[in-house]
1. Here are A:ASP93, A:ASP67, A:ASP12, A:ASP34: which of them is farther than 28 Å from A:ILE365 by Cα and out of contact with any Cys (no Cβ under 8 Å at 6 or more places or on another chain)?
2. Select the strands (runs of 3 or more DSSP E) contained entirely in the stretch A:336-428, then report the ones holding at least 1 residues which are closer than 16 Å to A:GLU173 by Cβ.
3. Condition first: among the charged types (D, E, K, R) and more than 21 Å from A:GLY206 (Cβ to Cβ). Now tell me which residues in the stretch A:94-115 satisfy that.
4. So A:HIS108 ticks every box in (1) more than 16 Å from RNA strand B (Cβ to nearest atom); (2) without any contact (Cβ under 8 Å) to a residue 12 or more places away in the chain but one. Which box is left unticked?
5. Please verify whether A:PHE30 is of a type in the set (Phe, Trp, Tyr), open to solvent by less than 30 Å² (accessible area, probe 1.4 Å), out of contact with any strand residue (DSSP E or B) (no Cβ under 8 Å at 6 or more places or on another chain) and within 14 Å of RNA strand B (Cβ to nearest atom), treating the condition exactly as stated.
6. For the stretch A:241-297, please list each of the strands (runs of 3 or more DSSP E) lying entirely inside it that holds at least 1 residues being modelled with pLDDT of 85 or more and closer than 24 Å to A:PRO196 by Cα.
7. Can you find a residue in the stretch A:220-228 that is outside any loop (DSSP other than H, G, I, E, B) and open to solvent by 70 Å² or more (accessible area, probe 1.4 Å)?
8. State all residues of the stretch A:181-195 that are out of contact with any Pro (no Cβ under 6 Å at 6 or more places or on another chain) and under 30 Å from A:ARG362 (Cα atoms); if no residue qualifies, say none.
Amino acid sequence: MHDLSFFRANLDAIAQRLATRGFQLNVEEFRALDSERRAAITESEQLKAQKNAESAEIAKLRKQGLDAEDRQQKVRSMSERISSLDDKVKELDESFRTMLAGIPNIPHESVPVGKTAEDNVEVRRWGQPRQFDFEPKAHWDLGPELHILDLERAAKITGARFAVYWGVGARLERALINFMLDVHTREHGYTEVLPPFLINSASLFGTGQLPKFKDDLFKIENHDFWLAPTAEVPVTNLFRDETLDAGQLPIKLCAYTPCFRSEAGSYGRDVRGIIRQHQFQKVELVKFTRPEQSYDELEKLTADAEDILKRLGLPFRTVVLSTGDMGAASAKTYDLEVWLPGQNGYKEISSCSNFEAYQARRAGIRAKPDKGKADYVHTLNGSGLAIGRTWVAIVENYQQADGTILVPEALRPYLGTDCIKPESQPFH
RNA sequence: GGAGGAAUGGGUGAGUGGUUGAAACCGGCGGUCUUGAAAACCGUUAGCGGGGUGACUCGCUCGGGGGUUCGAAUCCCUCUUCCUCCGCCA
């Protein structure tokens, strides 16, 4: 959501910037709507001022014990006109709000202009994809062979795009969660929070998923509850409609949650394995910053996410998304892509974004300095990391010729073993 | 799920139909005093939206929405949240 007066003052420049991400702002409609709204407000308020003055007169007359019926009659008829004007203002406000809420964020000037993911720009690369002296397998083969991943039974008890992890496979998921939370809280300075996994519509509006991306979400019947598609939603909304102390910023939070996505429109993509699921686990990083520090904090947040991959010894590259590939709420986004032998390529495992004040305006999150007025904060978030895809990356990158998985050093204290073997699982 | 009670400015809290946008106290800010500080005293201290270059001015706002009335923090309806008790439950 954009700031109305800022929009008004910079309309043409904003329209130009939005065009770089493929959004055509209807400048004429905006101007028309705006002046119509202001005219209606002015007229209604002038009438209200008159009405208030009349009421004060009536009060005076009544105190003197005089009759004021003719004045009362006059005000009664004014009230009718006022209420019809106010209805009009309300209507205009609504269409204005809808229009503003549907406009995406303005891309930061450092973001490459482009139409699609093809135009994303790689900014760095870490590690070398391993050269195998045998034919590496994909996780959808390795998982069942090791008896740690069971997609068939998941389909039975729930449906497609769900997974059951068994034994050390389940423990690997849990180990990754604990490992990531520990690194971020103990070494990167984040505070851990555990939010509800169901959230309400207002929260989804605040971070920008609603109203536009309703179809990507799961909704609970008969309640204003939705399954959280990412911890970004509950965690960012923690401070919705609050004014923070600017001295406390940046506030750095991390949260483990499952994430639920309908994946509408992704039929046929990533159908094999657990790359794209209706439910996946994620450790999320969220920051609230002062406006002038947000891009600095974006670099740090991205580095914090990259650090997890480095500690796990997983090769990755970092790309900056082009204007055409970014999410609507973001002003700048880095994607971290991990090397997956099963895909013979890099696959997104984290997305780190600066939303500037876009979400803060929608959600009413402000911060007040010691002196001066409260202003909207900048919000940022990034996956640190997606657990399921990290699970895949470990299994595929650390597979050995005999079909076992070598456990990276950093994870051994969490998993309690240095090698994942099939016989560790007695069922099946 | 049932029965009650509550929601007022940064905080505590007064206010049951007419200069109450809101007393008082605390806190914050500015000042007097002081070598400095404390204390004391004085002043000041809500947000949003219109109009105006501006001093300024008008409107809306006492949890949200609606209603009654010439006029609502105050009366009515409704929703939300919190508290207490009962039931149920991990």
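The values are calculated or read from the model by the stated rules, or taken from the named source; none is laboratory data. Everything numeric here is computed off the predicted structure, so don't read it as measured data. Positions of Cβ are generated from backbone atoms using ideal geometry, with glycine treated the same way; all protein chains shown enter the neighbour counts. Keep in mind that these areas ignore ligands, DNA and RNA; they rest on the heavy atoms of the full protein, side chains included. Shrake-Rupley method; radii C 1.70, N 1.55, O 1.52, S 1.80 Å.
1. From the options A:ASP93, A:ASP67, A:ASP12, A:ASP34, the qualifying one is A:ASP67.
2. A:345-354, A:378-386
3. A:GLU109, A:LYS115
4. (2)
5. Yes: the conditions hold for A:PHE30.
6. In the stretch A:241-297, the matching strands (runs of 3 or more DSSP E) lie at A:251-260, A:279-289.
7. no
8. A:LEU181, A:HIS184, A:THR185, A:HIS188, A:GLY189, A:TYR190, A:THR191, A:GLU192, A:VAL193, A:LEU194
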